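Okay, so here's the structure we're looking at.
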Amino acid sequence: MKKIISVVQVMLLLMMASCAQLTGPYYLEQEKYDQGIAALGEQLKENPEDASSAYYVGRYYLALEKQKQAQPYLQRAVKLDPENANYHFWLGVDYWALKDFKKERVAYGRALTLDPKHISANLYLGHSYLDKGKWAEALVQYDKVIKLDKYNPEALYNRADALKHLGRSSEEITAWKKFLEYYPDGILAMRATENLNLHGDFTYRNFILGKRNVTLKTMKFKTESARLDVASKKSLHVLAAMLESNKKLSFHIVAYKKGDVALANKRAQSVRDYIMGGHPRLDSKRMELSWFGSAERIKRGGKTFSIDDSVQFITDVQ
């Protein structure tokens, strides 16, 4: 009889653990953290050995920014299931939130001992090194992440930042461009572009158009012609979409071509014609043209750079 009860108990424990693994992610995804704490907290009382329930309750408290309450649950999960790399990783995140950075790195290290390909543990260990100014160590971690996840935005951005602090300018420029190739929008794109421009590289530029800051790839043309390069057209699609969505927006298209004012004129027209070609209902007067037969002079970081061929967009209405 005792043997039968023992088997039943084991089956119940397994069922409860399986239930936590199914319901745990649900409360996270639906952001129903308090409900998750209530449900899996009760389950944990019934089965104190349920590592999965302890883990998810810890995650819910973390999501609620209650790091101190999260810690004992995450520590419990690690103790109950020490071979689970994910549990060690999230315990590390909790240590970070509590500013216990030494224990944070230890937790990531344990996660990586169990699973060297754990992307988040590699990434966050890199962040930890970056915060401590250990640029070379951070770079190693970000390289590992990119090998596992080619398009990881945090690794791509912070890798460039680490190279910047290491003074490896040529590699830094390449890294900023790689990040911008995949992620040309948002605040990180703007910062990446600012860093790129400080080196006198204006492959990408930031513009203020209306009430928006926007990063655009620099206009390129076929050699000594007004024919737009294919790579430039994506930026013009962005401008067209902005004009369509904001009827009050207008801007000047200003072209520069050192020594050839006529070609500068044609290039300004070419840019506007391309935008109008896909959006014929737009009023061309919202895109005034200007052109100069000289280089554009751009000031960045206390330096002045001279660009022989360029197109600038200057907002007309704020």
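Values computed for the structure shown
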| quantity | calculated |
| --- | --- |
| Residues within the range 195-235 that are open to solvent by 20 Å² or more (accessible area, probe 1.4 Å), without any contact (Cβ under 8 Å) to a residue 24 or more places away in the chain and under 25 Å from residue 163 (Cβ atoms), tallied | 3 |
| Residue among 240, 189 that is open to solvent by less than 20 Å² (accessible area, probe 1.4 Å), touching a residue at least 12 places away in the same chain (Cβ under 8 Å) and either among the charged types (D, E, K, R) or touching a His at 6+ places or on another chain (Cβ under 6 Å) (or both) | 240 |
| Residue under evaluation residue 254, criteria (1) among the β-branched types (Val, Ile, Thr); (2) open to solvent by less than 60 Å² (accessible area, probe 1.4 Å); (3) outside any strand (DSSP E or B); (4) more than 25 Å from residue 182 (Cβ to Cβ), criterion not met | (3) |
| Number of the condition not met by residue 313 [criteria: (1) open to solvent by 50 Å² or more (accessible area, probe 1.4 Å); (2) modelled with pLDDT of 95 or more; (3) not aliphatic (A, V, I, L, M)] | (1) |
| Filter result (part of a strand (DSSP E or B) and either surrounded by 15 or more Cβ atoms within 10 Å (Cβ to Cβ) or on the phi > 0 side of the Ramachandran plot (or both)) within the range 301-310 | 305, 307, 309, 310 |
| Filter result (out of contact with any helix residue (DSSP H, G or I) (no Cβ under 8 Å at 6 or more places or on another chain) and either at pLDDT 95 or above or open to solvent by 70 Å² or more (accessible area, probe 1.4 Å) (or both)) within the range 265-293 | 265, 266, 267, 268, 269, 270, 273, 280, 281, 283, 285, 288 |
| Of all residues making up the range 131-175, the number that are touching a residue at least 24 places away in the same chain (Cβ under 8 Å) and in a helix (DSSP H, G or I) | 22 |
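Residues checked against (1) surrounded by 14 or more Cβ atoms within 10 Å (Cβ to Cβ); (2) more than 29 Å from residue 70 (Cβ to Cβ):
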{"residue": "131", "(1), (2)": "no, no"}
{"residue": "155", "(1), (2)": "yes, no"}
{"residue": "159", "(1), (2)": "yes, yes"}
{"residue": "169", "(1), (2)": "no, yes"}
{"residue": "173", "(1), (2)": "yes, yes"}
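The values are calculated or read from the model by the stated rules, or taken from the named source; none is laboratory data. The shown structure was predicted, so the numbers you read here are calculated from the model rather than taken from an experiment. Methodologically, a virtual Cβ is constructed for each residue, glycine included, from the backbone with ideal geometry; neighbour enumeration extends over all protein chains shown. Areas reflect the complete protein model, heavy atoms only, side chains present, ligands, DNA and RNA absent. Shrake-Rupley method; radii C 1.70, N 1.55, O 1.52, S 1.80 Å.
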